[in-house]
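Peer 1: Sharing a structure below in structure tokens format, with a few things to ask.
Read-outs throughout are calculated quantities, based only on the coordinates presented, and are distinct from any laboratory measurement. Predicted, not measured: the structure shown is a model, and the values here were computed from it. Here the Cβ is made from the backbone with ideal geometry for all residues, glycine too, and neighbour counts use every protein chain on show.
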Amino acid sequence: MSSDAPYGEAAGAGRRVFRNTAVLVVLRVVVPALSLPVVLLLSRRLGSEALGRYTLAYTWLYFFNTVAPLGLYSVVTRDGARDRRRLGPLLGNASTLGAIAAAISTVAMAACAFRFGYDDATARSIAILAFALVPWTVGSLLEGGFVATERMDHLACTALAESVLKVGLGLAAIVAGLGVEAVLGSAIVARIAAVIVALVLLRGEGVSVVPSLDRDVQRSMLRVAPTFLLVGIFATLYWRIDVFMLSKMRPVEDVGYYGAAWRLLELAMVVPQSLCLSLYPQLVAALREDRARVARIGALASRWLLAVALPAAVVCTVLAKPILRLFYGAGFDPAVPSLVVLMWTLVPYGIVRYHAYLLVGADHQRVDLWMNVAMTAVNVLLNLFLIPAMGPAGAAVATLVSVLVYAVSQAAFLARRLPGTAAPVGLAAWPVVASAAAGVLAWLLRDAPVAFSATLAGATYVAILVAGGFVGADELDSLGLGSLAGLVRRTGRAA
């Protein structure tokens, strides 16, 4: 029994990682993918200018929504998980504080829309979406309640309800010829509905959320929130500042081209984000109990993060134009250079994300904060030079270079202060060979329908990895994929 225990524990941990990653991927890919029809119809019916306004309005919303919750999401999630009896009062007080901050932010965002020199249509779009801040803030805090109660299914239900309503109303607005403003108004209505659904589901869990003003609770929350708030602000600034700078230095069409490429990168980033978040609880426990296990987790993370990112970057480099045409139409060919460069950002991004969790888990969150500040500064400086010279492609290059600088900084700090904990950076032979084969196949099939060529290239990549032994039967067992593990074992015996 004792000899089987380590394997049993590893298999159980592997299944949890696999299950949690799958749930997060569904939430972050499938649910946002439901919104793609709105973006696609908007770009095809109204063109790149409309998509540029849509992209810019949401960029402003994302920035202000980082500030409005005051960093209280992390407080709700952490303290609510520690003591579920406190979750109701935490949510009540956090929602009240967040709603007040969001109301102030609504005025500020609308004012910025008309003070930053945008054309009237763009300013109106930003001002309209500003009214989403209150429901968006309250909704995000309620989602923290679902995380605290480990009810990710409720989180999925809420997100699905919002997406279905937003897409339905948005498509109806476009077909009716009502323009971008009506599409953004539809998103506000859908968010309000999602907040109502979340409140009902939380009540079903025995968590009653009543707006509250308990000074003791709010004082304790606000004492720890600023650090989380600053991390969120600078992370959002880093990933969104290029759109702001593009909007001031180039025509709004260029914002649309860059936004088109950026959305595809966002979809691709979901897998490394989900894997890192799934590994995080195990990483935190290992940092306290078993440093040798930290190294094993890091090796696993590096291995799979690079195995996912490399083929995506290679195939997208080859098929960038047909991929953009599939999603947005022929008018978005100028976005090809931006998409190619941004997709290569995926390769260092996974390791950067993992090391950020490692720093926080080891109580070096302030180091992570200052690295985010430095990375944002590097990104801004590069954008100042590259956007005027290269347009949207310059913004993409600035993103790639600054992520690489961040990765090097993280590795240097970890080597000095936490030796032996960093994820090893190196490309295994089989992923490189399989990525090259997938890229060649994609190039040969570049004139075929892109869905067919990309799917065949991906299947080829996976087949080469399995045939080469990169994915072993024991590893598949640990992920709960027993049938596939049996097939690998039988294939190995037959060989």
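Peer 1: Multiply the residue separation of ASP153 and VAL440 by 0.36 nm, subtract the distance between their alpha-carbon atoms, and state the gained length in nm to one decimal. If you can, show how the numbers build up before the last one.
Peer 2: Values: separation 287, 0.36 × 287 = 103.32 nm, distance 4.04 nm.
Residue separation times 0.36 nm, minus the Cα-Cα distance, leaves 99.3 nm.
Peer 1: Going by average Cβ density within 10 Å per residue, which order do the peptides 209-219, 194-204, 303-313 take, highest to lowest? The partial results should precede the final answer.
Peer 2: Values: 209-219: 13.6, 194-204: 18.5, 303-313: 22.2.
Top to bottom by mean Cβ count within 10 Å: 303-313, 194-204, 209-219.
Peer 1: Now, a different point. Divide, for the chain, the radius of gyration over alpha carbons by 2.2 N^0.38 Å, where N is the residue count.
Peer 2: Details: Rg = 23.1 Å, N = 495, 2.2 N^0.38 = 23.2 Å.
Dividing the Cα radius of gyration by 2.2 N^0.38 Å gives 0.99.
Peer 1: Give the calculated FRET efficiency between GLU266 and ALA467 to the nearest 0.05, with a Förster radius of 22 Å applied to their Cβ-Cβ distance. Mind showing how you got there, number by number?
Peer 2: Numbers: r = 32 Å, r/R0 = 1.45.
So the FRET efficiency works out to roughly 0.10.
Peer 1: Between VAL30 and VAL373, what is 0.36 nm times their sequence separation minus the Cα-Cα distance? Round to one decimal in nm.
Peer 2: Details: separation 343, 0.36 × 343 = 123.48 nm, distance 3.17 nm.
Working it through step by step, the gained length comes to 120.3 nm.
Peer 1: Further question: Putting +1 on Lys and Arg Cβ atoms and -1 on Asp and Glu Cβ atoms, find which of ALA309, ALA398, GLY458 reaches farthest to the positive end of the dipole of the chain.
Peer 2: Going by the Cα projections, it comes out as ALA309.
Peer 1: How big is the dipole moment of the range 75-198 about its Cα centre under a simple scheme where the beta carbon of each Lys and Arg is +1, that of each Asp and Glu is -1, and everything else is neutral? Debye, nearest 20, please.
Peer 2: On the way: 10 positive and 9 negative charges, 74 e Å.
That gives a dipole near 360 debye.
Peer 1: Within 13 Å, Cβ to Cβ, of PRO272, how many net charges do the neighbouring residues add up to if Lys/Arg are +1 and Asp/Glu are -1?
Peer 2: On the way: positive: ARG28, ARG303, ARG353; negative: GLU266.
Charge balance near PRO272 sits at +2.
Peer 1: Using just the C-alpha positions of the range 34-246 as equal point scatterers, what log10 of I(q)/I(0) does the Debye formula give at each q in 0.12, 0.17, 0.18 1/Å?
Peer 2: Debye output, listed in q order: -0.64, -1.18, -1.27.
Peer 1: Just to be sure I understand the curve: with the Debye formula and one point per C-alpha of the range 123-190, what is log10 I(q)/I(0) at q = 0.14, 0.26 Å⁻¹?
Peer 2: For the requested q values the scattering log ratios are -0.49, -1.07.
Peer 1: How much length is gained if the chain between ALA121 and LEU456 is pulled fully straight, taking 0.36 nm per residue apart and subtracting their Cα-Cα distance, in nm to one decimal? Each step should come with its number before you reach the end.
Peer 2: Numbers: separation 335, 0.36 × 335 = 120.60 nm, distance 4.31 nm.
Gain on extension, ALA121 to LEU456, equals 116.3 nm.
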